[in-house]
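Participant: One structure follows; several queries about it will come next.
The values are calculated or read from the model by the stated rules, or taken from the named source; none is laboratory data. Just so it is clear, the model here is predicted, and its values are computed rather than measured. Counting neighbours? That spans all protein chains shown, and the Cβs are built from the backbone with ideal geometry, glycine included.
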Amino acid sequence: MSLRVFPQVPYASSVPKPAISSTQVPELANHIVVSKPPAPMADALNMPSEPSSHPLESRLKNWEQTQFDLKMENLRRLFGTHEPVKRVMELEAVNASLPLYPDVLRRAEVVTGNGAPGSRTDPAREILLGRDGIVDWEDIYGGMEECPLDFHTDLERRIKI
Amino acid sequence: MPGFNFDNYQRNNFLAAKGYPIPKATSTGTTIVGCRFDGGVVIAADTRATEGDIVADKNCEKLHRISPTIWCAGAGTAADCEFVTQLMSSTLELHALSTGRKPRVVTCLTLLKQHLFKYQGHVGAYLIVAGVDPTGPRLFSIHAHGSTDVGYYLSLGSGSMAAMAVLETKWKESLTKEEAMSLCAEAIEAGIWNDLGSGSNVDMCVMEVDNPAVLYRNYRTPNERSTKEKSYKFARGTTAILKEKVRPVVDSVPFDIFEETIIKDDDKMEIDT
């Protein structure tokens, strides 16, 4: 475990080429049934799981995770292993209850399962992460793709009516 | 996702490699200063906003309110300065509500530098943060990469050298409020005259201990537009009416009731035939 303050900079020297052959057309999602707008093509091409060639992108993406890891590592060195374990377990408990939330309360899905920051709108998570007093761009400018469904559509979809 | 969007980064690189011109970095022009005095702090800014070599706004506001007693002068990208300070304003208010104490300038400074450091200078806000809190008057400056400075007098922006020359020459310890105000105004005026990116008027904000902050919008206006030597307004009736036709707006009016009046006034103007 390291005491890294900011994410490592992966200076990629080449950009992976997306494997799309001319005869093979990827299936398009039926966005009328899903009632969500189609995902932008750039998301698929830029491969969000891969480090982008722009250094700032991976930095911003891994920023909160790095800060969280640093905090946990500091707590481990100060108080022992039990402290981060307890905190991550608390976060896990909150995460486990997240699927029960309606969409209007959790705007962004939890990306990672290990208690890393993902959702910004769930108050329980925000309190556990110490972010309940912080306002960031994400709290003000919700993108169009994060526009929540209305409660009834959400519930109908969830219990499969 | 909100925030920065890197979708076109690879495309832009590809286009640049093909020889398409990529946009160049433009220098931003501003002069902002801050100065401490006995029992308070004063910040001042010019009011010119530029887009490259074009003056975009002759009387813009570069002083932003973060909290009632903490104000901030911004140089660099105008939108970044505006929104970063609004963000800090919200955060500081939340913080004050949760702790039940008055917000401190150092808190604001730390929040700002952490935020700016995260974005590695891509949020182009160069700020002078000043204010009074329970620990007294405070004056700081922050650069876009997150480095900060403390001082009794500070200047930032493209006109900072001109302003600093004035501050270095005329600043002395334990200034009075009036002296500090005139010193800051003079420093900004040095920027206005000697830096091409700065101009127009001087805005000022004075924060005193135990007093509400006072914003002096257009504290000095050395560049007022003079009146034109001649007036080019013509009196009514200068141009003769050659023909006047009155048509009712309603559609269903019979055609034959149209009135047609022709005023002929031969001695007023010759008509081309």
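Participant: Of the conditions (1) surrounded by 12 or more Cβ atoms within 10 Å (Cβ to Cβ); (2) modelled with pLDDT of 80 or more; (3) within 14 Å of chain B (Cβ to nearest Cβ), A:Gly130 fails just one. Which one is it?
Facilitator: Tallying (1) surrounded by 12 or more Cβ atoms within 10 Å (Cβ to Cβ); (2) modelled with pLDDT of 80 or more; (3) within 14 Å of chain B (Cβ to nearest Cβ), A:Gly130 fails exactly one: (1).
Participant: Tell me, which residue of the stretch A:52-100 that is within 14 Å of chain B (Cβ to nearest Cβ), over 15 Å from the mean Cα position of the chain (by Cα) and within 30 Å of A:Leu28 (Cα to Cα) is modelled with the highest pLDDT?
Facilitator: Here the answer is A:His54.
Participant: Which residues, taken from the stretch B:83-106, are away from chain A (no Cβ under 12 Å) and small (Gly, Ala, Ser)?
Facilitator: Once the filter is applied, which keeps residues that are away from chain A (no Cβ under 12 Å) and small (Gly, Ala, Ser), the stretch B:83-106 yields only B:Gly100.
Participant: Hey, any hits in the stretch B:111-129 for a residue that's more than 13 Å from every other protein chain (Cβ to nearest Cβ) and over 30 Å from A:Gln8 (Cα atoms)?
Facilitator: For the stretch B:111-129, residues more than 13 Å from every other protein chain (Cβ to nearest Cβ) and over 30 Å from A:Gln8 (Cα atoms): present.
Participant: If the requirement is being under 20 Å from the mean Cα position of the chain (by Cα) and at pLDDT below 95, which of these qualifies: B:Val129, B:Val123?
Facilitator: When all the criteria are applied, what remains is B:Val123.
Participant: Taking the criterion of being closer than 20 Å to B:Phe37 by Cβ and part of a loop (DSSP other than H, G, I, E, B), would at least one residue in the stretch B:125-147 satisfy it?
Facilitator: Checked against the condition, which is being closer than 20 Å to B:Phe37 by Cβ and part of a loop (DSSP other than H, G, I, E, B), the stretch B:125-147 yields at least one hit.
Participant: Looking at the stretch B:8-39, which of its residues are surrounded by 14 or more Cβ atoms within 10 Å (Cβ to Cβ) and in contact with a helix residue (DSSP H, G or I) (Cβ under 6 Å, 6 or more places away or on another chain)?
Facilitator: B:Thr31, B:Val33, B:Cys35, B:Phe37 - these are the residues of the stretch B:8-39 that are surrounded by 14 or more Cβ atoms within 10 Å (Cβ to Cβ) and in contact with a helix residue (DSSP H, G or I) (Cβ under 6 Å, 6 or more places away or on another chain).
Participant: Which condition number in (1) within 23 Å of the chain's Cα centre (by Cα); (2) within 24 Å of A:Gly133 (Cα to Cα); (3) at pLDDT 95 or above is the one that B:Leu139 fails?
Facilitator: With respect to (1) within 23 Å of the chain's Cα centre (by Cα); (2) within 24 Å of A:Gly133 (Cα to Cα); (3) at pLDDT 95 or above, B:Leu139 is out only on (2).
Participant: Can I ask one more? On the given criteria, is B:Glu244 at pLDDT 90 or above and among the charged types (D, E, K, R)? Give the steps one after another, and end with the answer.
Facilitator: Numbers: at pLDDT 90 or above: yes; among the charged types (D, E, K, R): yes.
So B:Glu244 fits the description; yes.
Participant: Restricting attention to the stretch A:103-115, does a residue exist that is at pLDDT below 60, away from every other protein chain (no Cβ under 14 Å), surrounded by 16 or more Cβ atoms within 10 Å (Cβ to Cβ) and farther than 19 Å from A:Gln67 by Cβ? Before the answer, list the steps.
Facilitator: Start the filter on the stretch A:103-115 by keeping residues that are at pLDDT below 60, which leaves A:106-115.
Next, from what is left, pick out any that are away from every other protein chain (no Cβ under 14 Å): A:106, A:110, A:112-115.
Cutting the leftovers down to surrounded by 16 or more Cβ atoms within 10 Å (Cβ to Cβ) gives us A:106, A:110, A:115.
Among the residues that remain, those that are also farther than 19 Å from A:Gln67 by Cβ are: A:106.
Scanning the stretch A:103-115, I find at least one residue that is at pLDDT below 60, away from every other protein chain (no Cβ under 14 Å), surrounded by 16 or more Cβ atoms within 10 Å (Cβ to Cβ) and farther than 19 Å from A:Gln67 by Cβ, so the answer is yes.
Participant: Considering B:Ser252, B:Ser182, B:Ser226, B:Ser200, which residue is under 17 Å from the mean Cα position of the chain (by Cα) and either at pLDDT below 95 or under 25 Å from B:Ser160 (Cβ atoms) (or both)? Spell out the reasoning first.
Facilitator: Numbers: B:Ser252 fails: under 17 Å from the mean Cα position of the chain (by Cα); B:Ser182 fails: under 17 Å from the mean Cα position of the chain (by Cα); B:Ser226 fails: under 17 Å from the mean Cα position of the chain (by Cα).
Answer to the selection: B:Ser200.
Participant: Given (1) away from chain B (no Cβ under 11 Å); (2) within 30 Å of B:Gly121 (Cα to Cα); (3) modelled with pLDDT under 90, where does A:Pro38 come up short, assuming only one miss?
Facilitator: Among (1) away from chain B (no Cβ under 11 Å); (2) within 30 Å of B:Gly121 (Cα to Cα); (3) modelled with pLDDT under 90, the lone unmet condition for A:Pro38 is (2).
Participant: A further question on this structure: Restricting to the stretch B:151-179, name every residue that is closer than 21 Å to B:Gly124 by Cα and of a type outside the set (A, V, I, L, M, F, W, C).
Facilitator: B:Ser155, B:Gly157, B:Ser158, B:Gly159, B:Ser160, listed by residue number.
Participant: Now, a different point. When B:Ser182 is evaluated against the numbered criteria (1) farther than 27 Å from B:Pro68 by Cα; (2) free of Cβ contacts under 8 Å to residues at least 12 places away in the same chain, which criterion, by number, is the only one it fails?
Facilitator: Tallying (1) farther than 27 Å from B:Pro68 by Cα; (2) free of Cβ contacts under 8 Å to residues at least 12 places away in the same chain, B:Ser182 fails exactly one: (1).
Participant: Give B:Ala96, B:Ala56, B:Ala75 a once-over and let me know the one that is touching a Cys at 6+ places or on another chain (Cβ under 8 Å) and among the hydrophobic types (A, V, I, L, M, F, W, C). Talk me through it step by step, then tell me what you get.
Facilitator: On the way: B:Ala96 fails: touching a Cys at 6+ places or on another chain (Cβ under 8 Å); B:Ala56 fails: touching a Cys at 6+ places or on another chain (Cβ under 8 Å).
Residue meeting the stated conditions: B:Ala75.
Participant: May I ask you to list pairs of residues, at least six apart or on different chains, whose Cβ atoms are under 6 Å apart, with the first in the stretch A:52-80 being over 24 Å from B:Tyr9 (Cβ atoms) and the second being assigned to a helix (DSSP H, G or I)?
Facilitator: Hits for this filter: A:Met72/A:Pro84; A:Leu75/A:Glu83; A:Leu75/A:Pro84; A:Arg76/A:Pro84.
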